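Q: The structure's right below; bear with me while I get my questions together.
The values are calculated or read from the model by the stated rules, or taken from the named source; none is laboratory data. Worth saying up front: this structure is predicted, and the values here are computed from it rather than measured. Please note: Cβ atoms are built from the backbone with ideal geometry, for glycine as well, and neighbour counts cover all protein chains shown. Only protein heavy atoms, including side chains, enter the accessible area calculation; ligands, DNA and RNA are left aside. Shrake-Rupley method; radii C 1.70, N 1.55, O 1.52, S 1.80 Å.
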Amino acid sequence: MKNGSLWLDTNGCHINAHAGSFLRHNGVWYWYGEHKIAGWEGRLAFVGVHVYSSADFLSWKDEGIALKVNDDPASPICRGCRIERPKVIYCASTGKFVMYFHSTDDKHTIAKCGVAVADSPLGPFEFLYAERPDKECWPLDVTDADKDEESIRRTIERNYIINREHEEAFTVNLLGRDFSGGQMSRDQTLFVDDDDKAYHIYASEQNSTLHISLLSEDYLYHSGIFNRAFHRRWMEAPVIFKRNGIYYLFMSGCTGWYPNAARGAWAENIMGPWHEFGNPCSGYCAENDSNAETTFNCQGACAVNIDGEIYIMLDRWNMENFIDSRYCLLKVKFMDNGCFELPWQESAFDI
Ligand code: GAL
């Protein structure tokens with residue numbers, strides 16, 4: 001598993017599970033991710049969410065497609081849609097495996113959270129729904145300005161996409177605009193805490209602000225209790241992990257498939273306040289001539305705890321041929337000042 005090289009499954013094929021997540025259940029590892037096809041077309045979902053299994057995290061067996069696209073144009077998981085950043089968690093109280101993903105269209109206008117459920121870690125996952133979460137709920141940190149009806153009305157009237165290039169992106173009331181229809185849910189991840197409470201962490205408000213939302217006890221819905229972090233910091237690809245009671249986030253900036261400098265943050269409470277501390281990456285990847293400024297030409301996918309060490313899995317996107325996108329697995333180094341570093345390594349394991 002040399003970082004950036006082809007990672008072959010037990011059939012000798014490059015593993016096809018991008019922007020994915022890992023789950024360990026009954027001593028077996030599962031790796032879920034976006035199945036990519038060749039070419040630029042590969043940005044869209046033509047197959048579904050792929051799953052692999054492993055006993056040792058090194059050799060991965062292809063277990064097929066855990067969530068399949070369909071051919072119903074009315075379905076959010078119709079072939080040719082986007083199914084991005086699939087994450088799977090196990091709900092101990094129901095015994096079900098729950099998958100959340102970014103459910104959207106080619107132009108990224110839908111911005112919903114898709115949910116699917118299965119009795120087995122290998123699936124098949126049954127698609128339940130795609131929604132904009134936290135409808136008609138205000139976050140814990142809501143202000144009077146967020147509830148101001150005049151600013152909500154004015155923001156709704158602007159019917160063009162607001163992104164960080166627009167000056168007014170910093171003044172419009174995106175939270176209020178989406179109060180009645182539900183908040184945008186874009187790049188996303190899941191986290192199950194030590195007390196079995198599960199959280200959905202999603203880029204919202206046109207990608208400008210991160211939302212951290214408590215899920216229902218069965219993990220299938222949002223509870224309506226949520227908070228915001230990194231207001232107007234335009235961050236994507238959230239990767240979350242916890243160590244010694246502290247929560248950590250590793251995120252990218254907002255430049256689509258193009259790599260940018262990562263950002264790190266920590267918090268004592270998952271709901272915040274979150275403290276951002278800059279780019280945790282360090283070092284130089286000679287084979288790819290890339291450094292921390294571009295996260296080694298990668299973007300974070302998820303974190304995984306292997307034998308007590310935290311690793312971050314990254315995707316090195318290949319926009320010309322998505323099926324050939326590569327993986328990098330880097331070990332997190334925790335610092336005395338409470339922050340963490342992510343140094344470049346040729347290979348995650350010394351074998
Ligand atoms: C990235 C995001 C990907 C995908 C891509 C498309 O920033 O993390 O999951 O959405 O943009 O533009």
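Q: Can you tell me which residue in the stretch 244-253 is nearest to V192 (Cα to Cα), limited to those that are part of a strand (DSSP E or B) and within 16 Å of the ligand (Cβ to nearest atom)?
A: Once the filter is applied, the top-ranked residue is L249.
Q: Given the conditions (1) hydrophobic (A, V, I, L, M, F, W, C); (2) touching a residue at least 40 places away in the same chain (Cβ under 8 Å); (3) surrounded by 19 or more Cβ atoms within 10 Å (Cβ to Cβ), report the number of the one that I323 does not fulfil.
A: Unmet for I323, out of (1) hydrophobic (A, V, I, L, M, F, W, C); (2) touching a residue at least 40 places away in the same chain (Cβ under 8 Å); (3) surrounded by 19 or more Cβ atoms within 10 Å (Cβ to Cβ): (3).
Q: State all residues of the stretch 158-180 that are under 21 Å from I110 (Cβ atoms), out of contact with any Pro (no Cβ under 8 Å at 6 or more places or on another chain) and assigned to a helix (DSSP H, G or I); if no residue qualifies, say none.
A: A169, L174, G176, R177
Q: Right, something else. Any residue that is within 16 Å of the ligand (Cβ to nearest atom), closer than 25 Å to S216 by Cβ and in contact (Cβ under 8 Å) with a residue 60 or more places away in the chain - is there at least one of those in the stretch 142-165?
A: Taking every residue of the stretch 142-165 in turn, none turns out to be within 16 Å of the ligand (Cβ to nearest atom), closer than 25 Å to S216 by Cβ and in contact (Cβ under 8 Å) with a residue 60 or more places away in the chain.
Q: In the stretch 21-35, what count of residues is obtained for those that are buried (at least 24 other Cβ atoms within 10 Å of the Cβ), part of a strand (DSSP E or B) and either within 13 Å of the ligand (Cβ to nearest atom) or of a type outside the set (F, W, Y) (or both)?
A: Total meeting the criteria: 3.
Q: Oh, and also: Taking the residues in the stretch 179-189 that are open to solvent by 10 Å² or more (accessible area, probe 1.4 Å) and among the small types (G, A, S) as candidates, determine which candidate is farthest from P238 (Cα to Cα).
A: Here the residue is S180.
Q: Among the numbered criteria (1) β-branched (V, I, T); (2) within 16 Å of the ligand (Cβ to nearest atom); (3) touching a Leu at 6+ places or on another chain (Cβ under 6 Å), which single criterion is violated by I110?
A: (3)
Q: Which residue is farthest from the chain's Cα centre (by Cα), if the candidates are limited to the stretch 254-268 and must be away from the ligand (no atom under 14 Å from the Cβ) and touching a residue at least 60 places away in the same chain (Cβ under 8 Å)?
A: The selected residue is W266.
Q: On to the next question. Go through (1) more than 30 Å from Y32 (Cα to Cα); (2) open to solvent by 80 Å² or more (accessible area, probe 1.4 Å) for G176 and report which single condition fails.
A: Every listed condition holds for G176 apart from (2).
Q: If F241 meets every condition in (1) more than 16 Å from the ligand (Cβ to nearest atom); (2) open to solvent by 50 Å² or more (accessible area, probe 1.4 Å) apart from one, which number is that one?
A: (2)
Q: Shifting gears a bit: Restricting the search to the stretch 197-216, which residues are open to solvent by 10 Å² or more (accessible area, probe 1.4 Å) and out of contact with any strand residue (DSSP E or B) (no Cβ under 8 Å at 6 or more places or on another chain)?
A: Q206, the sole residue that qualifies.
Q: Here's something else I'd like to know. Taking only pairs six or more apart or across chains, which ones have beta-carbon atoms under 9 Å, a first residue in the stretch 227-253 that is of a type in the set (K, R), and a second residue that is surrounded by 18 or more Cβ atoms within 10 Å (Cβ to Cβ) and in a loop (DSSP other than H, G, I, E, B)?
A: What qualifies is R228/P139; R228/G272; R232/S208; R233/S208; R233/G253; R233/C254; K242/I270; R243/V332.
Q: Turning to a different aspect of this structure: Which pairs have Cβ atoms under 7 Å, sit 6 or more apart or on different chains, and link a residue in the stretch 335-351 that is over 14 Å from N297 (Cα atoms) to one that is among the hydrophobic types (A, V, I, L, M, F, W, C) and at pLDDT below 95?
A: Close Cβ pairs satisfying both conditions: E341/M335; S347/M1; A348/M1; F349/M1.
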